[in-house]
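Some notes on the structure that comes next.
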Amino acid sequence: MPNAIAPTATAIVAIVAALLTTIVPTCLYAYVEPRGRLSWGTAGDSPRSRRAPALVRITAWLSFAVGQIAVLWVLVPAACAFLLYLQVTLGAGRPLGAAATVAVGTMALAQSALAVRLLPLGVRLLARDKHLSQRVGRLAKWNALASSILLSLGALLAWAMAAAPSLVHPWLRVALEWTALRPILAFACVCLVHALLLGQCARLLVGAPSRSR
C-alpha cells in the first residue's frame with residue numbers, strides 16, 4: 001500500500017505546484033496583453049481582432065512563467081552551498097564531490113540570470129517593441145545556445161557521478177541529484193523550448209504590419 005500511495009502523492013503535489021505556478025504569469029498576461037493590442041492593429045481591423053498572433057501570446061505567457069521562477073531558483077545554489085557545508089562539517093568531502101556541488105550551484109545561478117530577463121521580454125513581445133524586433137532572432141539563438149550548454153553539462157555531470165560512484169559520496173550523489181541536478185535539467189529543457197518558440201516569433205515580429213492608430 002505505501003508503494004502505491006507514494007506515486008499518487010507525488011503526482012498530486014506536482015499538479016498543485018503546476019497550478020500555483022500558473023497564477024502569476026496568467027495574471028500578468030491578463031494585465032499586459034490588452035494594453036499591447038493597439039501595437040498589432042492593421043488598417044480596417046476591429047478592436048476584437050486586434051491582438052498579437054497566438055504564437056507570440058503563448059511565448060509571452062511562457063516568458064512570464066519562466067521568469068517568475070528565476071527568483072525562487074536562487075534556492076538551488078543555496079542548497080548546493082548547504083551540501084558543501086555538510087561535506088566539510090561531516091568530513092565526507094571528496095574533491096570531485098565538492099567540484100560537482102560548486103558546478104551545479106554555478107549552473108543554477110546562470111539559469112536564474114537568464115530567466116529573470118524573460119519577464120520584461122514577455123511585455124515587449126506583447127507590445128511589439130520595434131527595438132526587440134530587430135534583435136529577437138539573435139536573442140533566441142543565444143538563449144537556445146546557453147540552455148543547450150547547461151543541459152549538456154548537467155547530463156554530463158550526472159553521467160560522470162553515476163559512472164564513477166567511488167569519487168562522489170553516495171549520500172551526496174543522491175542529494176545533489178534530487179535537490180539540484182534534476183531540476184536544473186528540467187528547467188534547461190523548458191528554457192530551450194522557450195528559445196525555439198522565440199525564434200519562431202522573430203519572423204512574426206519582423207514581418208508584422210505597421211502599427212495602426
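Brief remarks follow.
- FRET efficiency, Phe82 to Cys189 (Cβ-Cβ, R0 30 Å, nearest 0.05): 0.75
- Label-point gap, in nm, between Lys130 and Val174 - each point 7 angstrom along Cα→Cβ: 6.0
- Sites Ala99 and Val71 - FRET efficiency at Förster radius 35 Å, r taken between beta-carbons, to 0.05: 0.80
- Peptides 55-68, 136-149, ordered by how many other C-beta atoms sit within 10 Å of their residues on average, highest first, read 55-68, 136-149.
- Extension gain, Ala155-Ala54: 0.36 nm per intervening residue step, less the Cα-Cα distance, totals 33.1 nm.
- The stretch 54-207 shape via C-alpha gyration tensor axes, a/c threshold 1.5: prolate
Every number here is computed from the coordinates shown, using simple stated rules; none is lab data. Given the structure is predicted, the values throughout are model-derived calculations rather than measurements. Virtual Cβ from ideal backbone geometry, glycine too; neighbours counted across all protein chains shown.
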